[in-house]
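Worksheet: the structure to be examined is printed underneath.
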Amino acid sequence: MGLIDAINETNTKAVHMSERYVKESYTFHRLKIFKEITVSISLVFKLVVIGGFGLIATLLAAMGLALLIGKMIANYPLGFLIVGGLFMVVSIIAYLFRRHFNDMVVKKLSKPFFN
């Protein structure tokens with residue numbers, strides 16, 4: 001009977017240890033998910049705030065540049081067309097390099113996600 005009791009006790013310890021492992025793993029993964037969610041929400045919030053102010057600054061700078069060019073050439077509509085053309089050129093360049101932007105984003109986000 002001593003051998004059966006020893007095996008039973010070992011099995012009981014193994015069950016308790018596996019239950020503890022499952023609980024600790026569950027807690028760890030909950031904390032890991034919470035961390036990833038908070039980092040993601042923080043990133044989106046910063047993007048919206050900084051992007052919003054950047055957009056406002058870009059629009060005001062573009063209008064100022066268009067008015068300045070229009071005043072220099074004595075034709076305000078043409079000044080706005082020139083600035084619009086500059087934005088089109090920048091947009092086309094960004095479109096041509098879109099794959100590089102994707103690679104950069106994947107590299108930047110893979111470090112915190114997989115660590």
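None of the figures in this text is laboratory data; all of them are computed from the coordinates on show. Here the structure is a predicted model, which is why all the values come from computation and not from measurement. Counting neighbours? That spans all protein chains shown, and the Cβs are built from the backbone with ideal geometry, glycine included.
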Notebook entry, point to check: In the stretch 73-85, is there at least one residue being among the aromatic types (Phe, Trp, Tyr), out of contact with any strand residue (DSSP E or B) (no Cβ under 8 Å at 6 or more places or on another chain) and touching a residue at least 12 places away in the same chain (Cβ under 8 Å)?
Noted result: yes
Margin query: Looking only at the stretch 11-66, filter to residues that are among the small types (Gly, Ala, Ser) and farther than 30 Å from Gly84 by Cα; which one of those is nearest to the chain's Cα centre (by Cα)?
Written below: Ser40
Next item on the list: Give me a count of the residues in the stretch 49-85 that are part of a helix (DSSP H, G or I) and at positive phi.
Entry: 0
Item checked: Cβ pairs under 7 Å, 6+ apart, first in the stretch 88-104 and without any contact (Cβ under 8 Å) to a residue 60 or more places away in the chain, second surrounded by 10 or more Cβ atoms within 10 Å (Cβ to Cβ) and in a helix (DSSP H, G or I) -> none
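Just the residues that are more than 30 Å from Gly70 (Cβ to Cβ) and either assigned to a helix (DSSP H, G or I) or in contact with a strand residue (DSSP E or B) (Cβ under 9 Å, 6 or more places away or on another chain) (or both), please, taken from the stretch 86-106.
Arg98, Arg99, His100, Phe101, Asn102, Asp103, Met104, Val105, Val106
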